[in-house]
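Working notes, beginning with the structure itself.
Each value in this text was obtained by applying a stated rule to the coordinates, not by laboratory testing. Given the structure is predicted, the values throughout are model-derived calculations rather than measurements. Don't worry about glycine lacking a Cβ; one is built from the backbone with ideal geometry, like all the others, and counts go over all protein chains shown.
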């Protein structure tokens, strides 16, 4: 059994550092920073001093920073110990920039992070490079029973080569938002839809009935999504591939597709986002732009993440939007908390992670607009959010409110609609699929985005030619070339 107290993967440190210098895109990342060799006395002193430093991306829910509030709750519970105090460091920029900053900081020792909040796609890369510690193996007992409360598909994102390197913090999954007001005007019956799983054929049929055929960006369309050349395009592509039965890698990150399979996936994607169905602006849209197009009536259907449910409460009237599971396969998103390999406060860091991913904390995350990682959060009898955290949060949608909403707070849809949304979200998470699991994910997603975006932008797209070129590029990527 791997001993969690030692620093794993040090034999790979030289190669990892060289790779990180190429990837980090941050000038300070490979200079060695202020880090250096640490002796036992230095590590002991750092552990006694604290604080436990948590590095994370920005909170996108607009909920009053639930992550910060959870850190403050931990600090209140450990007010008598300076060494047990925790500090949240929020990294600026998008996911790619955050990944580069974390890689550079951990490989060079320029920042002393104890806990890192990693996108689920980064776990294999950081584990393979020896930058995060595997968790202790608990075969039985209360800790193991507690771990089983995590949704199975979500917990699987923490595992690499048979070991778990993190605990699920907040998760994500693609959902289908729609405009019942616009569908009703077209005599499309939507009463049964909240209890049914939409299919793509049903969505296409509704779009045809609506008679929408947009040519310009300001014209209404059947649906919209995120097809800009960034991670949103990768997610949409993987969802289309999964619906077509195309798997790019096995569980160990080995490429398992070919040009013929890729053509099937690209054809499915082109059919899904074909002209006349999708909003023309989708080709340059990210989460914010697609949400705006939907809220302002330029799309009847929208593929988006769970936090959009709360965001729409501040943009639309309660009866003007609803949500369902995404037709076909939906991709998992989210972040996992891991202890860094060089942290001198590993035991305290693990205790903090256990608190941040507890049943009460996960309920706080759900109330704030994130998707919780625990199955119990979606049940009828669950633990409540920590009272002082709940009181500090700005209401997300119509989440339970411990304090009066301030000016500009979302209107929300009421308790019954929110309960239906939570059931929908929980069901979607249990059937979601992962993006490829590979230490080379950063290179993979850039290659996929480049090839797919060029295909979508082409006047006469040739999926056979595109599939051949993509196949060759992916073989190199997944081989680490």
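Assorted remarks:
- Working ranking of peptides 108-117, 450-459, 73-82 by packing, defined as the average number of other Cβ atoms within 10 Å per residue, highest first, is 108-117, 450-459, 73-82.
- Label-to-label distance, residue 87 versus residue 427, with points set 7 angstrom from Cα along the beta-carbon direction: 4.7 nm.
- Summarising the label geometry, the points placed 7 Å from Cα in the beta-carbon direction at residue 315 and residue 49 lie 4.5 nm from one another.
- Listed peptides 348-356, 296-304 by packing density, highest first (mean Cβ within 10 Å): 296-304, 348-356
- The slack in the chain from residue 96 to residue 259, taken as 0.36 nm per residue of separation less the alpha-carbon distance, amounts to 55.9 nm.
- Within the stretch 281-325: backbone nitrogen closer than 11 Å to the residue 189 label point (7 Å, Cα to C-beta): none
- Mean Cβ neighbour count within 10 Å, used as a protection proxy, ranking 468-480, 258-270 highest first: 258-270, 468-480
- Label sites at residue 475 and residue 152, each approximated as a point 7 angstrom past Cα along Cα to Cβ, lie 3.6 nm apart.
- Additional length obtainable on full extension of the chain from residue 286 to residue 200, 0.36 nm per residue less Cα span: 28.8 nm
- Its Cα gyration tensor gives the stretch 63-111 an equivalent ellipsoid, and the semi-axes of that ellipsoid, as √(5λ) in whole Å with the largest first, are 26, 16, 5.
- Two-site FRET efficiency, residue 275 against residue 462, from Cβ-Cβ distance with R₀ of 22 Å, rounded to 0.05: 0.85
- Take the Cβ atoms of residue 446 and residue 383, set R0 to 45 Å, and the FRET efficiency comes out at 0.65.
- Prolate/oblate/rounded call for the stretch 153-221, Cα gyration tensor, a/c under 1.5 rounded: prolate
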